[in-house]
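The values are calculated or read from the model by the stated rules, or taken from the named source; none is laboratory data. Computed from a predicted structure; not experimentally measured. Virtual Cβ from ideal backbone geometry, glycine too; neighbours counted across all protein chains shown. Note: areas computed on protein heavy atoms with side chains; ligands, DNA, RNA excluded. Shrake-Rupley method; radii C 1.70, N 1.55, O 1.52, S 1.80 Å.
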Amino acid sequence: MAKTTQRIGLYPGTFDPITLGHFDIIQRAAKVVDHLVIGVAKNAGKGPLFDTKERVAMVEREVEALKRKGLKNISVQPFDNLLMHFAVDIGAVVIIRGLRAASDFEYEIQMAAMNYRMNPKIETIFLTATEGTQFVSSRFVKEIARLKGNVKPFVSPRIAALLAERFSHAAARRKVRPEVRD
């Protein structure tokens with residue numbers, strides 16, 4: 001009798017905050033693996049607006065909607081170690097990365113090559129952003145929210161409310177720093 005193994009995929013990111021672009025990649029990635037782990041990176045170097053616990057809770061709440069629609073093969077876990085070590089720890093065979101534009105490709109292809117050198121048993125799969133999410137980034141969403149703009153086209157209503165609440169405090173409005181890639 002043949003032994004079946006579960007194909008675990010890992011979609012890592014900072015998710016500060018989770019956007020509709022992230023949500024789109026999550027939905028699509030969950031269809032190509034048996035189990036999808038959304039890895040929420042601690043990544044204090046990026047100076048996140050929300051702490052790790054808050055970001056994990058945000059992602060879990062957003063994923064609940066997918067579970068109600070039948071995509072029950074998704075879990076969320078924080079991590080603060082090297083991505084490839086985390087991938088091995090959870091048994092991932094593939095890392096999922098989203099690409100919005102050509103500028104993302106250069107960074108992502110370098111990261112994929114480095115990851116492959118560290119562990120050639122784990123592949124990287126790129127999913128391109130859908131037409132409506134190609135320009136959405138957490139960095140832009142935070143900047144729009146900081147300046148009291150409308151972020152509802154880019155995030156769920158729950159995330160929009162969290163951003164409005166966070167930026168109602170003057171200290172948070174100064175906290176947003178540019179990021180290289182989110």
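A few notes on this one:
- Viscosity 1.002 mPa s, temperature 20 °C, Stokes-Einstein D of region 28-182 from Kirkwood C-alpha radius, µm²/s: 126
- Per-selection metrics, region 119-163 (Cα): Rg and Dmax in Å: 14.7, 45
- Per-residue SASA remark: Ser103, around 90 Å² accessible (1.4 Å probe; ligands, DNA and RNA not included).
- Protein-only accessible surface order, largest first, of Lys42, Lys121, Lys142, Lys148 at 1.4 Å: Lys121, Lys148, Lys42, Lys142
- Of Phe50, Gly149, Ala102, farthest towards positive along the dipole that unit charges on Lys, Arg, Asp, Glu beta carbons give the chain: Gly149
- For region 1-62: accessible area per residue (Å², 1.4 Å): 44
- Carbon plus sulfur fraction of accessible area for the chain, probe 1.4 Å, in percent: 57
- Proximal lysines relative to Lys42, as straight alpha-carbon distance under 28 Å, when same-chain residues fewer than 8 apart are discounted: Lys31, Lys53, Lys67, Lys72, Lys121, Lys142, Lys148, Lys152, Lys175
- Per-residue [θ]222 nm for the chain (sum of -39500 (n - 2.57) over DSSP H runs n ≥ 4, rounded to 500): -13000 deg cm²/dmol
- Area accessible to solvent at Phe23, 1.4 Å probe radius, in Å²: 40
- Column: log10 I(q)/I(0), Debye, Cα scatterers of region 52-107, q = 0.24, 0.25, 0.31 Å⁻¹: -1.10, -1.10, -1.08
- Stokes-Einstein diffusion of region 79-168 at 20 °C, 1.002 mPa s viscosity, Kirkwood radius from Cα pairs, rounded to a whole number: 140 µm²/s.
- Leu99 long-range amide H proximity, modeled H, under 5 Å: Leu127, Thr128, Ala129
- What the Cβ-Cβ distance of Glu108 and His169 gives, at R0 = 41 Å and to the nearest 0.05, is a FRET efficiency of 0.75.
- The largest-to-smallest principal axis extents of the Cα set in region 1-79 are 50, 25, 18 Å.
- Using Cβ point charges alone (K and R +1, D and E -1), the dipole size of the chain about the Cα centre works out to roughly 400 debye.
- Charging the Cβ of each Asp and Glu at -1 and of each Lys and Arg at +1, and nothing else, the dipole of region 1-102 about its Cα centre rounds to 360 debye.
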